[in-house]
Amino acid sequence: MSEQVGKDSATVSKWCTNTMQPNLETLVAIAKALDVDVKDLLWSIKREK
């Protein structure tokens, strides 16, 4: 993944452990690398009522 999005493996590790989040541009690159929609990588913060 780090090679596909042009980031250091330590940075990708921080994303995986939720220590840090990628910016929007990088999030798009991640979605393309995984062949998924960007929305699939996000969690909604809205709670259902």
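Selection of first residues in the range 1-19 that are under 13 Å from Leu34 (Cβ atoms) and of second residues that are in a loop (DSSP other than H, G, I, E, B), restricted to Cβ pairs under 6 Å at least 6 apart or on distinct chains, gives the following pairs, ordered by first then second residue: Val12/Met1; Trp15/Pro22.
Any chance you could count how many residues in the range 25-49 are in contact with a helix residue (DSSP H, G or I) (Cβ under 9 Å, 6 or more places away or on another chain) and outside any loop (DSSP other than H, G, I, E, B)?
First, pick out the residues of the range 25-49 that are in contact with a helix residue (DSSP H, G or I) (Cβ under 9 Å, 6 or more places away or on another chain): 26-34, 36-42.
Imposing the further condition that a residue be outside any loop (DSSP other than H, G, I, E, B) reduces the set to 26-34, 38-41.
Residues that pass the stated criteria total 13.
Among the residues of the range 15-24, is there at least one that is in contact with a helix residue (DSSP H, G or I) (Cβ under 7 Å, 6 or more places away or on another chain), in a helix (DSSP H, G or I) and either of a type outside the set (Asp, Glu) or surrounded by fewer than 10 Cβ atoms within 10 Å (Cβ to Cβ) (or both)? No: the range 15-24 contains no residue that is in contact with a helix residue (DSSP H, G or I) (Cβ under 7 Å, 6 or more places away or on another chain), in a helix (DSSP H, G or I) and either of a type outside the set (Asp, Glu) or surrounded by fewer than 10 Cβ atoms within 10 Å (Cβ to Cβ) (or both). Taken together, the criteria place Ala31 among residues that are on the phi < 0 side of the Ramachandran plot, at pLDDT 95 or above and surrounded by 12 or more Cβ atoms within 10 Å (Cβ to Cβ).
The values are calculated or read from the model by the stated rules, or taken from the named source; none is laboratory data. If you're wondering where the values come from, they're calculated on a predicted model, not measured in any experiment. When we count neighbours, we look across all protein chains shown, and the Cβ atoms used for this are built from the backbone with ideal geometry, even at glycine.
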